[in-house]
Each structure stands twice: as C-alpha cells, then as structure tokens.
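The next block holds one structure in the form of structure tokens; read it before the comments.
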Amino acid sequence: NNNNNNNNNNNSHWTYQNVSAAEHVLGPWDLILAIAGQLPPPSAAAADDRNSQGGVRKVGISSSSTGDGGSSRSDSAEKIQSCVLTQMPRSLSIHEVLPGLDGLPSPSLDWLRAFFADFRPHQRHVGLDDIAQPLFRDLRIHQGRAAIREGRIATCRRFCRVGCPAAIRTGIWETRLGLRPFSEQDLFHFEALCKDVLRQPLLLDLLTNQDMHHVRDSEHFFLFEEQIRTLLLCLLRDAQVARCLAAPSAASITDAMHRKHDSAMKAHAAAVAAATAAVAMERSASSAASTNESRRLQQKVGGGTQEDDDYKNGKLEAGGAVTSASRIPPIPPSPPPLVIYPACEIIPFQGLALLAAPLMYMYDHPAKAYRMFRVLFCRYWSRLFSLSPVGLPSPSLPVLLRTVDSMLEDLDLDLVVHLRRLGTPPCALALPWISSGFVGHLAPDEVLLLWDRVLGLDSLVPLAALAVAAICFRRQVIMSCLVRQELLEAMGDISQLKVVPLLQSVLFSA
C-alpha cells in the first residue's frame, strides 16, 4: 500500500519547465497564493538535476504535503517567497499540467450537445452560410438592426448564438452586455485614467510594456500597439474593475486579516456589554455596603492598602466588587492599512494585450474600445486567469481544462492515450489557446465569431469545445508524431481553421 501511495504521489506531481530569466516575473496573483504554501524551495537535488539537464530545471510540486522527498513545513516564509518569485513564470500557458483536474466536475457529451443546440447542422450560421448565401447575410443584418432598436438583452443574446455580421457586431454586443449609449461621462472617465497614467507611472507598467511584444510581432495587430497599450495602462488604474470581477481577485484574499480584525472588534464589543451588565448587577446588590466602606476609608489615617488604592482608582467598588475598568478586555490591535495595488486589483499577466487586440477592428475610438474591453474582462476574461473551481455553465480555467480532457476522452480515447504518451495531455495542449481566447492563433474575424458564441451562451465553454475540435481535426498528424517536439510543431499553427464548421463537426458528427 505504501508503494502504491508513493507511486500515486509521484504521478500527481505538477511539473513545469523553467524558462528564460526574462519571464520570471510575478505572475497571476491567485495562482501564487494557491501554491505558495506547497512550493518547495530550491534544493541540492534540484540543482543537480539542473546541471545534468544542461540548465533546464524541472520543479515538482506534490499534491500532498507529506512524503520523503517533500520539503518540511518548517521552511521559512522567506525561502518560499524567494522560490515563488524566481521560479514562477508569468503565463499559465507555460505550465504543462495543472493539479487537481481529476476531481473537478466535467460535462457529458449529451449535456454539451444540449448546451450547443444552436450549432446543429440544420441551423444556418454567420461564419459559414453567409459566405455562400449573401441573402442570408443581408437578412441577419436586418434582423440585427431590429434587435438593436428593440434594446432587449435576451434578444441580442439569442442573436449572438448564431453569429453577428461585422456591420452590426458593435451594436449587438453593447446591447447584449447592457451598455448604455456612449456618453461624455464615459469619455471623461477614460481621459481621467489617461491623465493618471501620465501623472503616476506604476511598476506594473513595465509588465504591460513587456507584454506588448505579442502585439508588436502580430501581422494583424502591430498597427494598434499604442492604442492597446493605452487600454491596458488605463485598466490597471480603474477602481471600477475590482467591483465587477466575475472571478475572485487578489483583494478578496489579501483582506482576510481585516475581516479577522472586524470579527475581533465585534467580540470585544460583546465582552464590554457583558462586563457592563455584570457590574450593574453587582452595584445594585452592594448598595447597602457602600456607605460602610466609605466611612471606613474616611477613618483611616496615612497610607492605605493596595485594596484601598484600587478603590480610589475606580477598580473596586464597595464590598470588593471589580468594576468594568478591569473587566473589559483590551482592544485588539489594528491591522496594517489595506492598500489595494493596483487599483483594479489585477496583476497584469502575459497575454493580456491579446485579449484587447480584436476590439481594434470594432472601434475607431480608444475610449469606446476601453469600455467594451473592461466589460468583457470583468465578465469573462477574468475567469481565464483564476483557479476558482466554478462549475458549469460558466466555469473558470480549471473546469475548462477538465472539460477538454473529459470531452476528448469521450470522443477519441486512443488520441488521448497517444498525447499522454508524448508527455502532453490534452489540457496542456489547449491551455495556450484557451488562456488567450484564441487570439493570435486564429484569424481576427474567426476570433470575433467565436466571441459571438461566448456572449450568446454567456459561457467560456465554446473555447474548450473549439480546442477539442482543433485537436480532433489534426488527429492523423498527431498520431504520426513520435516525440513531443514534433507534436508542438504540428499544432503550432492553426490559423487556417474555421470556427463554425469545426464546432459542428465535433459536436454533431454522424
């Protein structure tokens, strides 16, 4: 049994490959807090592995806190923090395997087919049928303008499920998300954020500037580098973001000591009330003895006893009763002031610029693009960088990855076994696509068509379904790969894939 437990612990290790020192920057805050207590500090064995592997270090994080090879819990907080800061990559897409996915809920194929009922082949879609049938495109534009005039969120949500023509996508998205018409107040808010950027540079601005290489190297988005940079810098300084995040932010964890202090203050107030009530009862019971004690004190000449001093100082009442001054517990010390940094409570992660880039094809003014980017980030994209185990139908990243694994196992178990034999499970292959919303991997128009379905279904499940569809589409190429490097090269370019046909084929194939 012990041998089996040791084997299970070894299999449950979460390993990731170290990258260049330039990428060892503080990463997603909730990820660091989730694993900081389990991440072992660098050891001599790790150093030997690094030397033997030519400078490539692999760090194992066991899912259990016990074991012969694990570090003891007595390690100082400084060593753990140093290990986190030096070995934590900025992007979740670098990790090969995320821990604990097997215990998360996963949808069945029947549930997914019911959830994607609008993708059945008999249903016409923008992104497929509008190319061959111009009349269908014109009809969708007419229907979309009518939905915008109607102004109902439910109508626009249903409209998004089968895709939005580019001519009316902006109006459909704004109505579906409940945004009011763009006003001077929105413009003044954006200009105020821009002034804050010029007035007070932040250290996190360096991470934002480093992330811009994704845009700078893209043939689709390099022209919009400065506009995208402006959106990201404004997001860091927008305090309204923290109140609207769909996934837990850093502040929801870091203010735990302040919630504990509030509880202590409530307990202190209850103790004061109880002490006051007890003293009041004793006063009423010893009212007769009070006069005799006063006379006894008046007759004393010279210094008194300690009891007399306590009586004079208000600590004792007549008859030796203790007053409220000595019964009240001390006030709990105040915690250090809670400073929210940055104002949006979001540590900029690698790939954030890509999530803002497609909006440049929708808006001609950065203030309008920023308003849409802020809403999309709070409602959807914040879930892509949270370890919250939120389940279906609106899951966060862990359940999305679990959905990829379970869905591909149901569709093609042989393919899953081959991927794991190559050292790349399906969730690891899909992680870079999902964490970027497929931006940079698909053409911009296909990305917007995919995001139409995200808004229409109010869920990120279409990202997981498309990742499975892309893997199934390249099945023959994947099965011919013999090593992991061949697999990564074969799946490195999926820019020619089409969203709608892939989703229909993987969900409703004959």
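Probe radius 1.4 Å, ligands and nucleic acids left out: which of GLU489, GLU446, GLU150 has the largest accessible area, and how do the rest follow? Don't jump to the answer; show the numbers that get you there.
Values: GLU489 130, GLU446 10, GLU150 95 Å².
Highest to lowest solvent-accessible surface, that is GLU489, GLU150, GLU446.
How large is ³J(HN,Hα) for each residue in the stretch 177-185, as worked out from phi by the Karplus curve 6.51 cos²θ - 1.76 cosθ + 1.60 (θ = phi - 60°), to whole Hz, x for Gly and Pro?
Here the 3J(HN,Hα) series is 8, x, 7, 6, x, 4, 10, 5, 4 Hz.
Measuring with a 1.4 Å probe in the full set of protein chains, what accessible area per residue, in whole Å², belongs to the stretch 391-491?
Values: 3030 Å² over 101 residues.
Here the per-residue accessible area is 30 Å².
When the solvent-accessible surface of protein heavy atoms is calculated with a 1.4 angstrom probe, in what order do ILE347, ILE478 fall, highest first?
Heavy-atom accessible area, descending, gives ILE347, ILE478.
How much solvent-accessible surface does ARG475 expose, in Å² to the nearest 10, with a 1.4 Å probe and all protein chains in place?
80
How much of the accessible area of the stretch 381-458, probe 1.4 Å, is carbon plus sulfur, in whole percent?
After summing per-atom areas, the C and S share lands at 53 percent.
In what order, largest first, do LYS195, LYS498 sit by accessible area if the probe radius is 1.4 Å?
LYS195, LYS498
Could you work out how much longer the chain between ALA270 and GLU219 gets when fully extended? Use 0.36 nm per residue separation minus the Cα distance between them, nm to one decimal. If you can, show how the numbers build up before the last one.
Numbers: separation 51, 0.36 × 51 = 18.36 nm, distance 6.51 nm.
That works out to 11.9 nm of additional length.
Per residue of the stretch 345-360, in order, report the coupling 6.51 cos²θ - 1.76 cosθ + 1.60 (Karplus, θ = phi - 60°) as ³J(HN,Hα) in whole Hz, putting x for Gly and Pro.
After applying 6.51 cos²θ - 1.76 cosθ + 1.60, I find 6, 10, 7, x, 9, 5, x, 4, 5, 5, 5, 8, 5, x, 5, 5 Hz.
Short version: ³J(HN,Hα) in whole Hz for each residue of the stretch 443-451, in order, from phi by Karplus 6.51 cos²θ - 1.76 cosθ + 1.60 (θ = phi - 60°), x for Gly and Pro, what are they?
So the Karplus estimates, Gly and Pro as x, are 5, x, 5, 6, 4, 5, 5, 5, 5 Hz.
The values are calculated or read from the model by the stated rules, or taken from the named source; none is laboratory data. Every value quoted in this text rests on a predicted model; they were computed, and no experiment measured them. With ligands, DNA and RNA removed, areas are computed over all heavy atoms of the protein, side chains included. Shrake-Rupley method; radii C 1.70, N 1.55, O 1.52, S 1.80 Å.
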